[in-house]
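In what follows, a structure is listed as structure tokens, so that the remarks can point back to it.
The values are calculated or read from the model by the stated rules, or taken from the named source; none is laboratory data. Because the structure is predicted, anything quoted here is derived from the model rather than measured. All Cβ positions, glycine included, derive from the backbone under ideal geometry; neighbour counts span all protein chains shown.
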Amino acid sequence: MANNIAEPNVLIGLLEGYTARRSDLVVQVSPGAAKFAGRGDKRAGLRVLSATIRELATTVPIGVFLNLDHFTVDEMPLIAEAVNEGLVSSVMIDASKERFDENVRISREVVQLAREGDVLVEAELGKIKGVEDEVASAEAFYTDPGQAVEFVRATGADLLAVSIGTQHGVSKGKDVVLKTDLAAEIRDRLAAAQTPAPLVLHGTSGLLPEQIRQVIGCGICKLNKDTRYQYEYSRAAWAYYAAHRDAIVPPEGIPDDASGLFSGSDWSPDKKAFDPRQVGKAVQARIKDVAMGLVDQAGSGGKSLFGGEA
């Protein structure tokens, strides 16, 4: 599983869950996440998130890898900076909206750049329906197996993101028609052409456990999760604040005098309840549980390259 973050609470929960399962962790940062973390400045945000990930990674016994997710030709200067300064482990260049030859040209340029920094490159062929961060597509275009071989040969991409029926955003697994035979054909054709490239599937947040097993069995080696963590974050925060409402929100009839901490009444909020670190801990615990479940689905538990003793 590859897991998107935009702030520390999700990252900490992931580190806890993956350490408990002794599985190496792939963390992803999208352009939108970098923009959020940097007060609108993608460069600043990426540097902040990269530094945070790097420092927290030293506190766990597992491998932690940072991938740039859905970076486009518009972010080429930032990709170059990330590679040259060793801010990332891998880059996903998304030129899937371009025509085939232009997709090849852009992806190959990123591959050549990344080779200098010993950074892996994931490229995408085909389009996934839906909206993910700053990338949107109104309809899906399935990956052509024959083009996949040509694309990997021409670009030298290390990983290939394919379109086989998943959708970005909120999509229910029961409504997704997966073309697992297409994934298997792409895998087999790449292997036969001696151009092996692990396959990546975006838009997997709503897939059911049995669907996860199916796609892994057909050659998918990396599955992206973003929407699922966003939803679990909100649910954890909502549950915490609902449970502590009376300790945070004044009762009816009490003037809402937050500026004076309710000096005009005998009621006071409970600092132990409204301390942001408390809801942060609730979010971290929820993300840890979800992450462990997803590791179990992927079967990556106990397989850390670094031992990962919990």
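For residues that are under 30 Å from H70 (Cα atoms) and of a type in the set (S, T, N, Q), scanning just the stretch 226-278, find the one that is modelled with the lowest pLDDT.
Among residues in the stretch 226-278 that are under 30 Å from H70 (Cα atoms) and of a type in the set (S, T, N, Q), the one modelled with the lowest pLDDT is T227.
Does T180 satisfy the condition of being farther than 27 Å from V110 by Cα, surrounded by 14 or more Cβ atoms within 10 Å (Cβ to Cβ), in contact with a helix residue (DSSP H, G or I) (Cβ under 8 Å, 6 or more places away or on another chain) and not basic (K, R)?
Here the answer is yes, as T180 does meet what is asked.
K271 fails exactly one of the following numbered conditions: (1) of a type outside the set (V, I, T); (2) in contact with an Asp or Glu (Cβ under 7 Å, 6 or more places away or on another chain); (3) free of Cβ contacts under 8 Å to residues at least 60 places away in the same chain. What is the number of that condition?
Unmet condition: (2).
Can you confirm whether the stretch 67-83 contains a residue that is within 28 Å of K303 (Cβ to Cβ), in contact with an Asp or Glu (Cβ under 9 Å, 6 or more places away or on another chain), at pLDDT below 95 and not hydrophobic (A, V, I, L, M, F, W, C)?
yes
How many residues are among the acidic types (D, E), over 19 Å from L159 (Cα atoms) and crowded, with 20+ Cβ neighbours inside 10 Å when one looks only at the stretch 45-82?
Of the residues in that region, 1 qualify.
Can you list the helices (runs of 4 or more DSSP H) lying wholly within the stretch 204-310 that have 1 or more residues being over 30 Å from R189 (Cα atoms)?
Passing ranges, in order: 227-243, 245-248, 271-274, 276-298.
Identify all residues within the stretch 189-206 that are within 13 Å of A157 (Cα to Cα) and surrounded by 19 or more Cβ atoms within 10 Å (Cβ to Cβ); write none if there are none.
Residues satisfying the conditions are L190, A197, L199, V200.
Please go through the stretch 7-40 and give me each residue that is assigned to a loop (DSSP other than H, G, I, E, B) and either closer than 15 Å to F71 by Cβ or in contact (Cβ under 8 Å) with a residue 60 or more places away in the chain (or both), ordered by number.
Of everything in the stretch 7-40, those that are assigned to a loop (DSSP other than H, G, I, E, B) and either closer than 15 Å to F71 by Cβ or in contact (Cβ under 8 Å) with a residue 60 or more places away in the chain (or both) turn out to be R22, S23, D24, S30, G38.
Any chance you could count how many residues in the stretch 232-262 are without any contact (Cβ under 8 Å) to a residue 12 or more places away in the chain and not hydrophobic (A, V, I, L, M, F, W, C)?
Matching residues across the stretch 232-262 total 10.
Among the numbered criteria (1) part of a helix (DSSP H, G or I); (2) out of contact with any Phe, Trp or Tyr (no Cβ under 9 Å at 6 or more places or on another chain), which one does H70 miss?
So H70 meets the others, but not (1).
Exactly one condition in (1) more than 30 Å from W267 (Cβ to Cβ); (2) in contact with a helix residue (DSSP H, G or I) (Cβ under 8 Å, 6 or more places away or on another chain); (3) not small (G, A, S) is not met by I248; state its number.
Here I248 clears every test but (1).
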